[in-house]
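Undergrad: Shown below is the structure under consideration.
The values are calculated or read from the model by the stated rules, or taken from the named source; none is laboratory data. Since the structure is predicted, the reported quantities are computational estimates derived from the model, not experimental observations. Backbone-built Cβ (ideal geometry, glycine too); neighbour counts: all protein chains shown. The protein model used for the area step is the full one, side chains on, heavy atoms only, and it has no ligands, DNA or RNA in it. Shrake-Rupley method; radii C 1.70, N 1.55, O 1.52, S 1.80 Å.
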Amino acid sequence: MKRNYEIIVAAGSGSRYGGTLPKQFCDLAGRPLLMTTVERMRECDPGAEVILVLSAEMIPVWHGMCESQEFESPRLIACGGATRAESVRNAMTLVNVPDARRIGVHDGARPVITRDLVKRLDEAIDN
């Protein structure tokens, strides 16, 4: 059976945000915002394989955050590139293409994901 892949791109520097950390790692309700994004994606598309894209220097920071929050990181992590397109391309190397039904790309700093949105995407593909 084919499966969905959800690529969450979180490799940006957040330079426009102006914080000490990129915005996807800043606090939202007591934990990094990115954890909420990952959690909501898992809730909205529970059978999907989530691929997280992080800058190389933030991967150990992310793992430390996950450990301190007792949060299960997605098992697949790709290194970000110089551009968003390159970051997505890096994540695509982790996709088992013959197994893929749908490949979604979502911004890690945008935690507002709904089941309805994912359902409408799936319905559009099926029609």
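Undergrad: Projected onto the charge dipole of the chain (+1 at Lys/Arg Cβ, -1 at Asp/Glu Cβ, origin at the Cα centre), which of 4, 74, 26 gives the Cα projection farthest towards the positive end?
TA: The residue sitting most towards the positive pole is 4.
Undergrad: I've got another one for you. Run through the DSSP bridge list for the chain and note the antiparallel percent, rounded to the nearest 5.
TA: Restricted to the chain, the bridges split so that about 10 percent are antiparallel.
Undergrad: With every protein chain left in place, what is the accessible area per residue of segment 1-116 in square angstrom, probe 1.4 Å? Could the numbers behind the result be given before it?
TA: On the way: 6310 Å² over 116 residues.
With all protein chains present, segment 1-116 gives 54 Å² per residue.
Undergrad: Any idea how far apart residue 26 and residue 82 come out in nm if each label point goes 7 Å out from Cα toward Cβ?
TA: 2.8 nm
Undergrad: Something else now. Between residue 114 and residue 1, what length in nm is gained on full extension when 0.36 nm per residue of separation is reduced by their alpha carbon distance?
TA: Between residue 114 and residue 1, full extension yields 38.3 nm more.
Undergrad: Quick one: putting +1 on the C-beta of Lys and Arg, -1 on the C-beta of Asp and Glu, what dipole do you get for segment 56-99 around its Cα centre, in Debye to the nearest 20? List each step's numbers first, then the result.
TA: Details: 3 positive and 6 negative charges, 48 e Å.
Here segment 56-99 has a charge dipole of around 220 debye.
Undergrad: Can you give the accessible area of residue 66, probe radius 1.4 Å, in Å² rounded to 10?
TA: Answer for residue 66: close to 10 Å² accessible.
Undergrad: Let me ask something else about it. Pop the C-beta distance of residue 105 and residue 63 into the FRET formula with R0 = 25 Å and round what comes out to the nearest 0.05.
TA: 0.65
Undergrad: Give the peptides 29-38, 90-99 in descending order of average Cβ contacts within 10 Å, highest first.
TA: 29-38, 90-99
Undergrad: Using the basic label-point model (7 angstrom from Cα toward the beta carbon), what is the residue 92 to residue 42 distance in nanometres?
TA: Here the modelled spin labels are 2.8 nm apart.
Undergrad: Can you tell me what percent of all Cα-Cα pairs in the chain are more than 22 Å apart?
TA: Value for the chain: 33 percent of Cα pairs lie more than 22 Å apart.
Undergrad: Could you look at segment 15-87 and say what percent of its accessible area is carbon and sulfur, using a 1.4 Å probe and all protein chains?
TA: That share works out to 50 percent.
Undergrad: Using a 1.4 Å probe on the protein heavy atoms only, what accessible surface does residue 28 show? Give it in Å² to the nearest 10.
TA: 70 Å²
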